[in-house]
Structure formats: C-alpha cells, structure tokens
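**Student:** Quick one: this structure, given as structure tokens, is what I'll be asking you about.
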Amino acid sequence: MLEPYRIEGRGAAEISASIERAVGTGELQPGQPLPPLRELAAELGVNPNTVASAYRTLRERGVIETAGRRGSRVRSAPATTGRDLPPREVPTGVRDLSSGNPDPALLPSLERAFADAAARGDREPVLYGEVAVEPELARWARAALDADGVPDGPVAVTSGSLDAVERVLAAHLRPGDTVAVEDPGWGRTLDLVPALGLRTVPVGVDDDGPLAEDVRHALSAGARALIVTDRAQNPTGAAVGEDRARELRAVLRAYPETLLIEDDHGSGIVDLPLHPLAGTTSRNWAFVRSVAKAYGPDLRLAVLTGDPVTLDRVRGRQRLGPGWVSRIVQRAVVRLWTDGAVDPAAVAAAYGHRRDLLIGALARRGVEAHGRSGMNVWVPVPDETSVVAAVQHAGWAVAPGARYRLSAPPGVRITVSTLTEADSGPLADAVAAALGPRPGPARSYV
C-alpha cells in the first residue's frame, strides 16, 4: 500500500481526483505503482468497478499507465502539474551535453528583426478579425515547401511543432485511438500522445527513419495515425532516405485512412534532402516545420500545412482558443528569412562536423554510435544509469535514453551542438570507459 499518501474517495471522480492531486503535489512520484483494483476497492469500501473507472479516467488524462499483469503506475511524465519538475542539475565543472539545445553561436541576432516588426506593428496594428497568418510568411513558407516537394495545401501557424501535432491529433482522433510513434523518439511526443487519451504503439527506427515493416504491423493492428520525423530525428539523428520513403509510401497507400503527421523540425540545420511521404498516400495529412532549431527555441512558431479538412479543423479550433500566433513574431521570422540571417548549409556543416568528430572518435574505440543528421548522437548501451553516472563522473553530462524509449533497447543521447575537436577524444574515452569491454557483435538500437 502507498505510504504515507492515502488514496481517498467513494466515487470514481473522487478517487481519480485524489490520485491526480497527489501526483501534482509530488506525493505520488513518476513510476510509482498504484494499488491493485480489488485491493484499493476493499480499502475504500467501494465496488472494484468504481476503482476501474477512476483508473480509466486517469489513463485517458495521461496521468497513469497500465501494463497488464504489472498493474498501474504513475507515468514517467504524468500529464499533470507534477511533470513540470525542475531541470536536472548539472554539477559545476561538468559539460552539459544532455539538453538538446542548439549552439547559441549559430543562432541569429533577433534585435533588428523584432525592431522592424514592432515598428510595422505601430504603423499597421493587427486588430481582432484580421487574418491569422501573415501573408508574406505564408508566401515564403509555401515557396519553401513547394521547393521541397511538400504537396500543396493551406498554411497555418502554430506555437511550435508540438502545438501543431497536438492540434492535428485532436482534430481527427478520440480517446482510446492508437498512434504509431517512433521508438526511440522525441520524449515530448511520447508524453503528449497519452496525455490526449490516446494509445501509443512503437515503431522501430534505424538511420533511415521508421522501419516500414513495423509501420505495416502497427497500421494492420489498428493504429489510426502515424507520426514521422523526416530529418534530424531526436534522439537518433535518423533521416528518411529516398528508398525508405518509397517503402513507407507503399505501406501508407494500403491504409489510406491513416492520419499522417510529418515533423520537419530539423529544417534549416540539415543538408540532407527532404523526402516527404504525404500527397499520394493518406487522405488526411499534416506537415509541420518549426524555426526553433535554426532561429532559437524561444521563437515559438511553426508552419503547418496539410489537406483542407485537417487545416480547416485546426484553424477553427485555434480561433476558439488563442486565436492566432502573434503577427509581430510572424513578421520577425519573415525578416529573418528574407535577410538570410541563417545560412542553412553552414549550420548543417557545423553540426555535421561535430557529429562526425564524435562518431569517428567512438568508432576508433570500438563504440557504435548513430547520428545521420541534426545535433544529437545516439549511443546504444547495456545500462543507461551506470553509463550516465560514469560519464558524468568523467566530466560530461549526457541524457539517459529512457526519456526517449518505449520498448527500444537502452541508449544515451549526446548533444554535439557545442562540441569542439578537442572535446571529441576525451568524451569518447569517457563513454568507452563507461561501457567497458564489449565482446560480441555490434549492438543495434532498433
């Protein structure tokens, strides 16, 4: 039984509120098991169906998860106030390679872009009832999407990629529906899907992106949506290549009712071509491209396109909530684009060089690592906790892969955005030492 916290309530709503309140205050910790249904029902003097209903509500809210005979437990990142935990502290003297942040030295200055946008706002104030998307931003964004082969469609603007993904999922799915997600994949996506009351089914990933056979299996088993990261996949650095894109399109053509969501958050920091999946496959699709990695995480802006039905639903719901993303921010982004504030080729080359330095240094020490694009390198490991601790003891903070996995084998994510040539050798030494002798064939992260 859970001590010192005592679950209370006579009805399902009271029981679920008691548990959710405890998760929010931290009295129930992420990963902590909950009592079996009958045990809690006996303690509270209620019907087991009442507890089952409370647990079901909490699952739909993304607070708890159930794993068959292993019972129910608080999710590792519960969708309640308790998930806003303080960031993991990096000890003094330890280099932080765990954050996933871009290199500030590669981000543009925002001063002039926002000054110009604000000045225009003084001259031409944006008032209620005006269009939600800056016309010039729509033209520039659509031209870039056309150049990359993204199918034609309306354009919307959201507060970042995850905002777009959430709105698209909510536009088509209902609690209990299943979404196929990359595994390993972006931790926030893995948390977002169950927070919407949806179920996740993992799809394996290799250097070329989602495995087509895994996608086929997920869709044949009833998954109603698929989320794919086209390039700079977090945490593995995977990028969907031409052959893999062809395989995935063939799978999707057999399941045209699948909601397809493509995330190209790596646009502007990668030099690999885009191979979009949308257009000839799913009837309902969405393609989202944010500016956070190339222009700065605080620019909460992403461009979203897709089929007319999806975009109409997203924009309609957006009008009932925030209304629009600040046109001042949109105009500032246009200024950054038109001024050439970021040279994508130079940025991609810088991150590519840093990835290659580390991957090469690890390879020379017999350590497998992956990072085809973006700013992260994924290293398969036998035990994340011991490796993270040992590498930190050597002066480097890396991210445990548990944040990014459902059923994929363990690994650690290393953000190379600020790595220098002088860093690669000592860091590789630390990782190799943490892993120890590695007999047998090379490991795989799929």
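The values are calculated or read from the model by the stated rules, or taken from the named source; none is laboratory data. Keep in mind that what you see is a predicted model, and the values were worked out from it rather than measured. Glycine gets a Cβ as well: all are built from the backbone with ideal geometry, and neighbour counts include every protein chain shown.
**Student:** Of (1) in the same structural domain as His265 (by TED's automatic domain parsing); (2) surrounded by fewer than 21 Cβ atoms within 10 Å (Cβ to Cβ), Arg331 satisfies all except one. Which?
**Tutor:** In the conditions (1) in the same structural domain as His265 (by TED's automatic domain parsing); (2) surrounded by fewer than 21 Cβ atoms within 10 Å (Cβ to Cβ), Arg331 misses (2) alone.
**Student:** Restricting attention to segment 112-135, does a residue exist that is surrounded by fewer than 18 Cβ atoms within 10 Å (Cβ to Cβ) and within 28 Å of Thr280 (Cα to Cα)?
**Tutor:** yes
**Student:** Check off (1) exposed (fewer than 15 other Cβ atoms within 10 Å of the Cβ); (2) assigned to a helix (DSSP H, G or I) for Glu8 and give me the number that stays unchecked.
**Tutor:** Going through (1) exposed (fewer than 15 other Cβ atoms within 10 Å of the Cβ); (2) assigned to a helix (DSSP H, G or I) one by one, Glu8 breaks only (2).
**Student:** Right, another one. Only one of these conditions is not met by Gly153: (1) part of a loop (DSSP other than H, G, I, E, B); (2) more than 24 Å from Val314 (Cα to Cα). Which number is it?
**Tutor:** Answer for Gly153: the failing condition is (2).
**Student:** Now, a different point. I'm trying to understand the selection: among the residues of segment 238-270, which are among the small types (Gly, Ala, Ser) and touching a helix residue (DSSP H, G or I) at 6+ places or on another chain (Cβ under 8 Å)? Give the derivation first.
**Tutor:** Step one: list which residues in segment 238-270 are among the small types (Gly, Ala, Ser), which gives 238-239, 241, 245, 250, 254, 266-268.
Once the filter is applied, which keeps residues that are among the small types (Gly, Ala, Ser) and touching a helix residue (DSSP H, G or I) at 6+ places or on another chain (Cβ under 8 Å), segment 238-270 yields Ala250, Ala254, Gly266, Ser267, Gly268.
**Student:** Name the residue, out of Ala250, Ala302, Ala286, Ala341, that is surrounded by fewer than 17 Cβ atoms within 10 Å (Cβ to Cβ) and aliphatic (A, V, I, L, M). Don't jump to the end; show me each part of the working.
**Tutor:** Values: Ala302 fails: surrounded by fewer than 17 Cβ atoms within 10 Å (Cβ to Cβ); Ala286 fails: surrounded by fewer than 17 Cβ atoms within 10 Å (Cβ to Cβ); Ala341 fails: surrounded by fewer than 17 Cβ atoms within 10 Å (Cβ to Cβ).
Answer to the check: Ala250.
**Student:** Next up: Would segment 210-221 turn up any residue that is crowded, with 21+ Cβ neighbours inside 10 Å, β-branched (Val, Ile, Thr) and assigned to a loop (DSSP other than H, G, I, E, B)?
**Tutor:** No, every residue in segment 210-221 fails to be crowded, with 21+ Cβ neighbours inside 10 Å, β-branched (Val, Ile, Thr) and assigned to a loop (DSSP other than H, G, I, E, B).
**Student:** Only one of these conditions is not met by Leu190: (1) outside any loop (DSSP other than H, G, I, E, B); (2) closer than 30 Å to Leu336 by Cα; (3) modelled with pLDDT under 95. Which number is it?
**Tutor:** For Leu190, the failing item is (2).
**Student:** A further question on this structure: Return yes when Gly360 is closer than 17 Å to Arg95 by Cα and of a type outside the set (A, V, I, L, M, F, W, C) and no when it is not.
**Tutor:** On the way: closer than 17 Å to Arg95 by Cα: no; of a type outside the set (A, V, I, L, M, F, W, C): yes.
The answer is no for Gly360.
**Student:** If you don't mind, another one. Which number in (1) surrounded by fewer than 20 Cβ atoms within 10 Å (Cβ to Cβ); (2) over 27 Å from Ser417 (Cβ atoms) marks the one condition that Asp207 misses?
**Tutor:** (2)
**Student:** With respect to Gly62, is the statement that it is at pLDDT 90 or above, part of a loop (DSSP other than H, G, I, E, B) and out of contact with any strand residue (DSSP E or B) (no Cβ under 7 Å at 6 or more places or on another chain) true?
**Tutor:** No, not satisfied.
**Student:** Restrict the check to segment 130-141 and report whether at least one residue is small (Gly, Ala, Ser) and over 26 Å from Gly340 (Cα atoms). Can you show your working first?
**Tutor:** Our first condition is that a residue be small (Gly, Ala, Ser); within segment 130-141, this holds for 132, 138, 141.
Pick out the ones that are also over 26 Å from Gly340 (Cα atoms) and you get none.
Scanning segment 130-141, I find no residue that is small (Gly, Ala, Ser) and over 26 Å from Gly340 (Cα atoms), so the answer is no.
**Student:** Check Thr385, Thr415 and return the single one that is in the same structural domain as Tyr351 (by TED's automatic domain parsing) and under 20 Å from Ser76 (Cβ atoms). Before the answer, list the steps.
**Tutor:** On the way: Thr415 fails: under 20 Å from Ser76 (Cβ atoms).
Of Thr385, Thr415, the one residue that is in the same structural domain as Tyr351 (by TED's automatic domain parsing) and under 20 Å from Ser76 (Cβ atoms) is Thr385.
**Student:** Here's something else I'd like to know. Select, from Gly26, Gly31, the only residue that is in the same structural domain as Ile64 (by TED's automatic domain parsing), in contact with a Lys or Arg (Cβ under 7 Å, 6 or more places away or on another chain), modelled with pLDDT under 85 and under 26 Å from Leu406 (Cα atoms). Outline the logic, then answer.
**Tutor:** Numbers: Gly26 fails: in contact with a Lys or Arg (Cβ under 7 Å, 6 or more places away or on another chain).
Being in the same structural domain as Ile64 (by TED's automatic domain parsing), in contact with a Lys or Arg (Cβ under 7 Å, 6 or more places away or on another chain), modelled with pLDDT under 85 and under 26 Å from Leu406 (Cα atoms) holds for just one of Gly26, Gly31, which is Gly31.
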